[in-house]
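Notes to accompany the following structure.
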Amino acid sequence: MKLTPLAIPGCYEVRFPMHVDQRGHFVKTFQYSAFAGLSLETDFAETFYTVSGSNVIRGMHFQIPPADHAKMVYCVSGAVMDVALDIRGGSPSYGRHAVVELDAEQCNGVYLSRGIAHGFAVRRAPAVLLYYVTAEHVPALDCGIRWDSFGVQWPFTSPLVSARDEKLPRLQEYETPFTDEAMAVPAWK
């Protein structure tokens, strides 16, 4: 398992080891020691997946404290342009984004620390993304940033976006709860 840092501190592309033989393939999607060696949170509290069709953009989603979480996301079918956006106040990369092409055939994923908004655009449908998160979903603390408000070059101009995502605040309008003080003593294990 290989974790490669992205341009945003606390974000990594994860390359999963794959074994192929005449029966098909075997993919290892998590190895504690690889993550613990980088002091990353690995106490996953919930898993879920999304299934998305062509021309879909989902995002940019996160949960605010006290239900904020780190997450690992990977594509088990299809392909997506995965986007991470730093919304940690005081971070040297605040407002910057990183893009990783996730593809089921490439066996890769992303790890995102707390205070990183996440979204994606479907490149090959159906796209099935599996999520591991370190806190359970709390609807009242589920937030987001509008997908087209921070300069990313999405792969299409007229995407299918949920009504909720269309109403999210723009990055410039959002007052982040992820401050230096809140991030100074992270809850990672």
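Of 129, 141, 112, which has the largest mean-square fluctuation in a 10 Å C-alpha GNM of the chain?
141
Have a look at 90, 115, 59 and tell me which one the Gaussian network model of the chain (Cα, springs below 10 Å) gives the largest fluctuation.
Checking each option, the largest mean-square fluctuation is seen for 90.
If you place +1 on the Cβ of every Lys and Arg, -1 on the Cβ of every Asp and Glu, and leave all else neutral, what size is the dipole of the chain about its Cα centre, to the nearest 20 Debye?
Approximately 360 debye in magnitude.
Could you compute the FRET efficiency for residue 154 and residue 106, with r as their C-beta to C-beta distance and R0 at 25 Å, rounded to 0.05?
On the way: r = 20 Å, r/R0 = 0.81.
E(calc), rounded to 0.05, equals 0.80.
For residue 99 and residue 33, FRET efficiency with R0 = 35 Å and r from the beta-carbon atoms, rounded to 0.05?
Numbers: r = 28 Å, r/R0 = 0.80.
Efficiency at R0 = 35 Å is approximately 0.80.
Taking only the alpha carbons of segment 77-138, what extent do you get along each of the three principal axes, in Å, biggest first?
Sorted largest first, the three principal extents are 37, 26, 17 Å.
Sticking with the crude label model, points 7 Å out along Cα→Cβ, report the distance from residue 136 to residue 175 in nm, one decimal please.
Reported label-point gap for residue 136 and residue 175 is 3.0 nm.
Laboratory data are not the source of any read-out in this text; all were calculated from the coordinates shown. These numbers come from a predicted model, not from an experiment. Note that we place each Cβ from the backbone using ideal geometry, even for glycine, and neighbour counts take in every protein chain shown.
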